Amino acid sequence: MRHLWPLCALLCSFWQSSWAAEAASARFGWFQYQGEDAVFAVPLKVGHYRNPVLAGFFPDPSITRRGDDFYLVNSSFSYLPGLPILHSKDLVNWQLIGHALTRPSQFEFAGAGLSRGIYAPTLRYHQGTFYLIGTVVDQGGNFILTATDPAGPWSDPIWLPEVGGIDPDLFFDEDGKVYISHNDAPPGEPLYEGHRAIWLWQFDPVAKKVKPESKRLLVNGGVDIRQQPIWIEGPHLYKHNGWYYLLCAEGGTADQHSAVIFRSRSLSEPFVPAVQNPILTQRDLAPDRASPITTAGHADFIQLDDGSWWAVFLAARAYQQRYSNVGRETYLLPVHWQDGWPQILTQGLAIPYQLASPASLKPQPVTVPQTGNFVWRDEFASTVLDLNWNWLRQFDQSWLQLKDGALHLRAKADRLESSGQPAFIGRRLQHLNFTASTALQLPSAGQSAGLVLLQNELHHYYIGARRTASGAEVFLEQAKGAKATQLLAEQLPAGPQELQLKVTGAGAELSFYYQLPGQGWQAFGPVQDGTVLSTQVAGGFVGSTLGLYSRLEDKP
């Protein structure tokens, strides 16, 4: 049950009132997703692993360990359930085991844009308790959650009203003191656009409050304020060989992104930047390189029992040198120490797609991989959603039911382009080249249902089916910076009540299809523009998801 979304009781409470009119729901028989990336098709060398270790929309990774078990969390923005928790024995193979945000008493994001909500969290384990500190943007600020089991349940939030800004970190020092570092506005007036600072507070874990008199400045601007560095953020504190190390992100989330390092003998003394900064970036590489990995930065460290150090960090695979539909992913690289300073990747080197696995850890494959080429299929045989499904903004699931081997979505008036909660469930797009398909019954009059590729409210595709005055039709809509625009519609022959829908992606090209019983796949119109789903066109911080959707139509 740990691998299923535990909302059975909540769903059951709604079934009596919400599903009296069965004809009002769209019925999906199955959903299948298949990745087909060339970089993943290259045979894996013996003793090696693949990057990214978490493909697709897994940004801002933070890692911790309890004994021989490693745990990782990522940002989730306005998707629910929020703050995915993954487990690994070998740092390479990761299994999604739960989410930290699972109920309304923690957070909800009604009215929030998809790139708002939960920003970069930090996950730490200390003396029997897991701690998760993060930011909920626009709706409360910085908070701490706790759990004894990382799969959940997690506590309601402990709010930190004095701690402003974003990206808080929790550090347990050897003397028992606890500290929070975070990004916030610099002292005085900002000197330039993107001028930020890293601040430190002492935290009282008994009173569950910061000590107001303890606030102090760690870094102003970044590595060299004379160069006007932008968006110093994502801090993590560590102690090693008598030194305190401060790891930060710098340069923004786009192609100038990086990781930088500072150190100090004491938390009360100035932090000095390393000469070799940045210790991770891809901004100095030729943009026309093959299979580029871009936007690398925002890292976190973990030390193994053999003394080796490793870094998880975000980056994104691109097509046509700059576009990324999958969003920011999680990568893994060893950390090399020289003259008391850590280095993740020498400047000028490209992040490798394959690298030798941690030598001291025995490989432990998982049942549901999150990288490589794979097929993922949901037959909807359970009564609760698989953990890989997400939805938007609120925990209400009265519009969703799993029964009789099918997913039923009751159409809602909320649309994808709204800031409400549409009747949509999606899973991460994890490949630049992919195929996704589903089978559905033709929905009742006054509603539509089908397959969605969602980047954000104003950038998505919807291939659906609906009844019309003359019968029924398949249609395709595109949203690109404005309200959804219908691109194509094709009348269905009389009779069939079931059909299948499919989309294939190949970088910048998206192709749509439908299939009626006993017939082959029919291409649906010309190839569409896949860059609509890229961060470079859509903006924001999220990757694309794809899944199933039902909505009420304006004209039944």
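Please treat every number below as a calculation from the coordinates, not as lab data. All figures in this text were calculated on a predicted structure; none of them were measured in a lab. When we count neighbours, we look across all protein chains shown, and the Cβ atoms used for this are built from the backbone with ideal geometry, even at glycine.
Roughly what % of Cα-Cα distances in the stretch 412-511 sit above 17 Å, to the whole percent? Please report the intermediate quantities before stating the final value.
Details: 2687 of 4950 pairs.
Distances greater than 17 Å cover 54 percent of the Cα pairs.
Relative to the first principal axis of the alpha-carbon coordinates of the chain, what is the inclination of helix 8-18, with its axis defined by its Cα atoms, in degrees from 0 to 90 and to the nearest 10?
30
Tell me whether the stretch 59-356 comes out rounded, prolate or oblate; compute the Cα gyration tensor, take square roots of the eigenvalues as a ≥ b ≥ c, and use a/c under 1.5 as the rounded threshold. List each step's numbers first, then the result.
Working: a/c = 1.26, a/b = 1.13, b/c = 1.11.
Rounded is the answer for the stretch 59-356, as its axis ratio a/c remains below 1.5.
Could you pull out which residues in the stretch 161-198 have an amide N less than 14 Å from a spot 7 Å beyond the Cα of L217, following the Cα-Cβ vector?
Under 14 Å, as judged by backbone N against the label point of L217, lie 184-192, 195-198 of the stretch 161-198.
Please report the net charge: other residues with Cβ closer than 12 Å to the Cβ of G111, K and R +1, D and E -1.
Working: positive: R116, R393; negative: E108, D138, D414, E457.
Here the count lands on -2.
Which of the trypsin sites (Lys or Arg not before Pro) found in the stretch 431-537 are loop residues per DSSP with 12 or fewer other Cβ atoms within 10 Å of their Cβ? Write out the running numbers ahead of the final one.
On the way: sites: R466, R467, K480, K483, K502; in loops: K483.
Passing both the DSSP loop test and the Cβ count: K483.
Could you order peptides 442-450, 350-358 by the average number of other Cβ atoms within 10 Å of their residues, highest first? Please report the intermediate quantities before stating the final value.
Values: 442-450: 20.9, 350-358: 17.1.
Sorting 442-450, 350-358 by mean packing, highest first, produces 442-450, 350-358.
Taking square-rooted eigenvalues a ≥ b ≥ c of the alpha carbon gyration tensor, is the stretch 359-424 rounded, prolate or oblate, where a/c under 1.5 means rounded and, failing that, a/b exceeding b/c means prolate? Could you put the intermediate results ahead of the total?
On the way: a/c = 3.01, a/b = 1.90, b/c = 1.58.
Prolate shape, in that a/c is at least 1.5 and a/b is the bigger ratio.
Let me have the relative contact order for the stretch 59-356, percent, based on Cα pairs under 8 Å that are six or more residues apart. If you can, show how the numbers build up before the last one.
Values: 766 pairs, mean separation 33.9, N = 298.
Taking the mean separation of contacting Cα pairs over the length of the stretch 59-356, I get 11 percent.
Which of the listed residues, N277, W337, A315, is farthest toward the dipole's positive end in the chain, when Lys, Arg count +1 and Asp, Glu count -1 at the beta-carbon?
It is A315.
In whole Hz, with x marking every Gly and Pro, tabulate ³J(HN,Hα) for the stretch 126-142 from phi via Karplus 6.51 cos²θ - 1.76 cosθ + 1.60, θ = phi - 60°.
Per-residue couplings from phi come out as 8, 6, x, 10, 8, 10, 10, 10, x, 10, 10, 6, 6, 9, x, x, 8 Hz.
Ordered by packing density, taken as the mean number of other Cβ atoms within 10 Å over each peptide's residues, highest first, how do 364-376, 88-100, 391-403 rank? Kindly include the intermediate steps, with their values, before the conclusion.
Details: 364-376: 16.2, 88-100: 21.7, 391-403: 19.7.
Those peptides, ordered most packed to least, come out 88-100, 391-403, 364-376.
How long is the gain from A482 to E269 if the chain were fully straight, where each residue apart is worth 0.36 nm and the alpha carbon distance is subtracted? The partial results should precede the final answer.
Working: separation 213, 0.36 × 213 = 76.68 nm, distance 5.12 nm.
Result: 71.6 nm gained on full extension.
Please state the charge dipole magnitude for the chain, taken about the Cα centre, from unit charges on C-beta atoms (+1 on K and R, -1 on D and E), reported in debye and rounded to the nearest 20. Kindly include the intermediate steps, with their values, before the conclusion.
On the way: 42 positive and 50 negative charges, 95 e Å.
Charge dipole of the chain: 460 debye, to the nearest 20.
Would you calculate, for the chain, the mean residue ellipticity at 222 nm contributed by helices, counting each DSSP H stretch of 4 or more residues as -39,500 (n - 2.57) and dividing by all residues, to the nearest 500? Display every interim value, and only then the final one.
On the way: 3 runs with 19 residues, N = 556.
Rounded to the nearest 500, it is -1000 deg cm²/dmol.
To the nearest 20 debye, what charge dipole does the stretch 313-382 have about its Cα centre, counting +1 at the Cβ of each Lys and Arg and -1 at the Cβ of each Asp and Glu? Spell out each step's value before the answer.
Details: 5 positive and 4 negative charges, 25 e Å.
Charge dipole of the stretch 313-382: 120 debye, to the nearest 20.
Let me understand the chain better: what is its radius of gyration from the alpha carbons, and its Dmax, in angstrom?
Cα radius of gyration and Dmax of the chain are 23.8, 78 Å respectively.
Taking the Cα of A413, stepping 7 Å toward and past its beta carbon, and measuring to each backbone N in the stretch 445-461: which are under 19 Å?
It comes to 445-449, nothing else.
Measure up K239/K362; K89/K209; K412/K483; K177/K215; K45/K89; K177/K209 against 23 Å on the Cα-Cα distance and list the ones that go over. Present the calculation step by step, with values, prior to reporting the outcome.
Details: K239/K362 27 Å; K89/K209 34 Å; K412/K483 17 Å; K177/K215 14 Å; K45/K89 20 Å; K177/K209 13 Å.
Over 23 Å apart, Cα to Cα: K239/K362; K89/K209.
Need one number for the stretch 197-249: average projected area of the convex hull over its C-alpha atoms, nm².
Values: hull surface 19.4 nm².
Mean orientational projected area (the stretch 197-249, Cα hull): 4.9 nm².
Quick check: residue separation of H126 and V46 times 0.36 nm, minus the Cα distance between them. What number comes out in nm?
Working: separation 80, 0.36 × 80 = 28.80 nm, distance 3.51 nm.
Once the chain is fully extended between H126 and V46, it gains 25.3 nm.
Among 199-205, 423-429, 512-518, how do they line up from the highest to the lowest mean number of other beta-carbon atoms within 10 Å? List each step's numbers first, then the result.
Numbers: 199-205: 20.0, 423-429: 24.0, 512-518: 16.4.
Ranked from most to least packed, the peptides come out as 423-429, 199-205, 512-518.
Below 8 Å, C-alpha to C-alpha, sequence gap of six or more: please give me the relative contact order for the chain in percent. Each step should come with its number before you reach the end.
Working: 1520 pairs, mean separation 98.7, N = 556.
Relative CO of the chain lands at 18 percent.
Averaged over all directions, how much area does the convex hull of the C-alpha atoms of the stretch 242-367 cover when projected, in nm²?
Numbers: hull surface 37.6 nm².
Mean projected area of the Cα convex hull: 9.4 nm².
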